[in-house]
Amino acid sequence: MIVLGIDPGPTNCGIALYCSDRGKVLSAQKDITVESLLLVLSDPVVCDVVAIERVQSYGIAGASLLRTSEVVGRIWQAAKLGGYPVELYYRREVLRVLDVTGKGNRDALVRQRIIETFGGGREAAVGRKASPGPCYGVSGHAWQALAVALTHALQGSP
């Protein structure tokens with residue numbers, strides 16, 4: 001199964017195309033514009049399912065969070081119109097499925113957990129250009145997008 005994981009933002013998103021059968025990232029972008037992502041979703045052969053991180057407010061929502069929630073809706077609609085099944089995951093679900101616990105920067109903890117999952121160290125998980133690892137090319141917000149894709153793959157959703 002090929003999962004397109006998306007970490008949405010108000011103007012740019014992180015994406016990771018993950019193949020669960022091969023256990024590797026096929027491609028990743030840390031900073032794709034929303035408009036470019038919507039064009040990607042118009043192509044019906046990109047993936048089997050789209051997994052999007054859903055926003056959740058824990059109090060007063062600021063302008064950035066509200067804009068991000070609008071972007072999630074636009075991405076969801078574009079994926080549906082493109083013929084893709086769409087799954088939405090709250091951040092807390094992603095953290096639970098990946099077994100990320102502890103205090104500190106959650107993004108860094110998620111990145112470290114993924115690296116541990118794919119070989120234990122950065123060299124094994126990411127690798128180098130001459131010898132790429134399963135997470136080669138993942139950086140920035142693409143780590144969070146990969147976390148969403150992994151959440152979907154690990155839960156065994158259709």
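The values are calculated or read from the model by the stated rules, or taken from the named source; none is laboratory data. Every value quoted in this text rests on a predicted model; they were computed, and no experiment measured them. For neighbour counting, all protein chains shown are included, and Cβ atoms are generated from backbone atoms with ideal geometry for every residue, glycine included. Calculation scope for accessible area: heavy atoms of the full protein, side chains included, ligands and nucleic acids excluded. Shrake-Rupley method; radii C 1.70, N 1.55, O 1.52, S 1.80 Å.
Scanning segment 108-158 for residues being outside any helix (DSSP H, G or I) and either within 17 Å of the chain's Cα centre (by Cα) or closer than 17 Å to Cys47 by Cβ (or both) gives a total of 13. When residues in segment 42-68 are screened for being in contact with an Asp or Glu (Cβ under 9 Å, 6 or more places away or on another chain) and assigned to a loop (DSSP other than H, G, I, E, B), 0 of them pass. Please tell me if Val25 is modelled with pLDDT of 95 or more and touching a Pro at 6+ places or on another chain (Cβ under 9 Å). So Val25 passes the test. Would you confirm, using the coordinates I've provided, whether Leu39 is in a strand (DSSP E or B) and either surrounded by fewer than 17 Cβ atoms within 10 Å (Cβ to Cβ) or modelled with pLDDT under 95 (or both)? Taking the combined requirement at face value, the residue does not satisfy it. Among residues of segment 1-27 being in a strand (DSSP E or B) and open to solvent by 30 Å² or more (accessible area, probe 1.4 Å), the one that is farthest from Ala142 (Cα to Cα) is Ile2. Picking from residues in segment 43-96 that are among the polar types (S, T, N, Q), closer than 20 Å to Gly14 by Cβ and surrounded by fewer than 18 Cβ atoms within 10 Å (Cβ to Cβ), the one that is farthest from the chain's Cα centre (by Cα) is Ser64.
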